[in-house]
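Scroll down for the structure; my scribbles are underneath it.
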Amino acid sequence: MLALTELGQRLRQERESKGLSLEDLQKLTKIQKRYLLGIEEGNYEVMPGKFYVRAFIKQYCEAIGLDTDAIFEEYKSDIPSTQTEDMPQQLSRVRSRKEIPQHTKGVSKAYDYLPTVLVVAGVVVVGIIIWVIAQNIVSDKNKEQANQEAPNSEVQQSNTQEETNETTAKNDNSKSEDEQSAADKKEQEKEKAEKEKATKEKAEKEKAEKEKKDSGKQEYKEVQKTGRSATYALSGTDAFNLEVTSTQADTWLDVKNGKGNAFFSSILKKGETKEFDLTKETEARVNIGYSPGVELKVNGKAVDLPFDSSKQVRQVVTIQYQPAEAQ
């Protein structure tokens, strides 16, 4: 095994302090484990290209909550500068293939097939002529047969017209009954929809009034802020429910109470939401490893993260809770 560089040792210590394995880091960064190990050992030769080194180190730092700019400045002697890869030199061979003239071969082959094409064309023309003659003969026979059957056709047409009139009358009566039934059904559906709408509006109104009433009591305010940590005070409510959702990427999430007991300490996957009932606690500490796209809700109400996630990737939020009945 290669000796760790100062940068590699710093990254490994920070990763292990958060309880992350290389497999966990691979899931967070989507970088293969052997490349992550190469970063920690300073073995940049395993990378697919030298320009990937800086990009992989940047993703590694962001995933474990380190300031990328500070790391690049502090360990610039350990990090190679960006270099371009040699371009494949195969254009001349491709060009030589394209420049080979092919039109002369095509013309020669076309002349070879010309007699066959003329024969096939002649056969097709003869077939069309025969088909036209046959169609004319069939048409003349049909006209003669139609003239012979005309008297019988008139009688049949008269009977058919009477049957059609009777069928039309029956259909009109049936249609009238169906239309009435459809109208009644439509009216019933309309009444049902109006009742459901009224019930829904009433429930929404009651919910809005309750939320308005609760929000008037609940207070969530900042107490102090330093580094990457901030403390908030929650009061005016008899409940302390916390929701954490990651919408953009997997993130490390650690939720503990004031005594250090962990409620959750693992990877929160993209699109996943974790809910915590902390009503019996007086304090909760939320450690977010990758804050971009992470949303917090306190008692169903969204609250902002204390820092700009584009500048402070890792954030620690402490919430001190005092129930309304104790105030």
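The values are calculated or read from the model by the stated rules, or taken from the named source; none is laboratory data. Here the structure is a predicted model, which means the values were calculated and not measured. Methodologically, a virtual Cβ is constructed for each residue, glycine included, from the backbone with ideal geometry; neighbour enumeration extends over all protein chains shown. Surface areas here come from the heavy atoms of the whole protein model, side chains and all, with no ligands, DNA or RNA. Shrake-Rupley method; radii C 1.70, N 1.55, O 1.52, S 1.80 Å.
Annotations for the structure displayed:
- Of all positions in segment 256-271, at least one carries a residue that is closer than 23 Å to LYS27 by Cβ, among the hydrophobic types (A, V, I, L, M, F, W, C), over 23 Å from the mean Cα position of the chain (by Cα) and surrounded by fewer than 15 Cβ atoms within 10 Å (Cβ to Cβ).
- For SER246, the conditions (1) open to solvent by 20 Å² or more (accessible area, probe 1.4 Å); (2) in contact (Cβ under 8 Å) with a residue 24 or more places away in the chain; (3) under 23 Å from ARG15 (Cα atoms) all hold with the exception of (1).
- Condition check for ALA208: within 30 Å of GLU283 (Cα to Cα), among the hydrophobic types (A, V, I, L, M, F, W, C), within 34 Å of the chain's Cα centre (by Cα) and modelled with pLDDT under 85: yes
- Flag for LYS280 being surrounded by fewer than 16 Cβ atoms within 10 Å (Cβ to Cβ) and under 14 Å from VAL244 (Cα atoms): no
- Members of segment 305-326 that are part of a loop (DSSP other than H, G, I, E, B) and farther than 19 Å from GLY236 by Cα: LEU305, PRO306, PHE307, ASP308, SER309, SER310, LYS311, GLN312, VAL313, ARG314
- Segments classed as helices (runs of 4 or more DSSP H), wholly inside segment 10-102, with at least 2 members that are modelled with pLDDT of 90 or more and open to solvent by 40 Å² or more (accessible area, probe 1.4 Å): 22-29, 33-41, 51-64, 68-74
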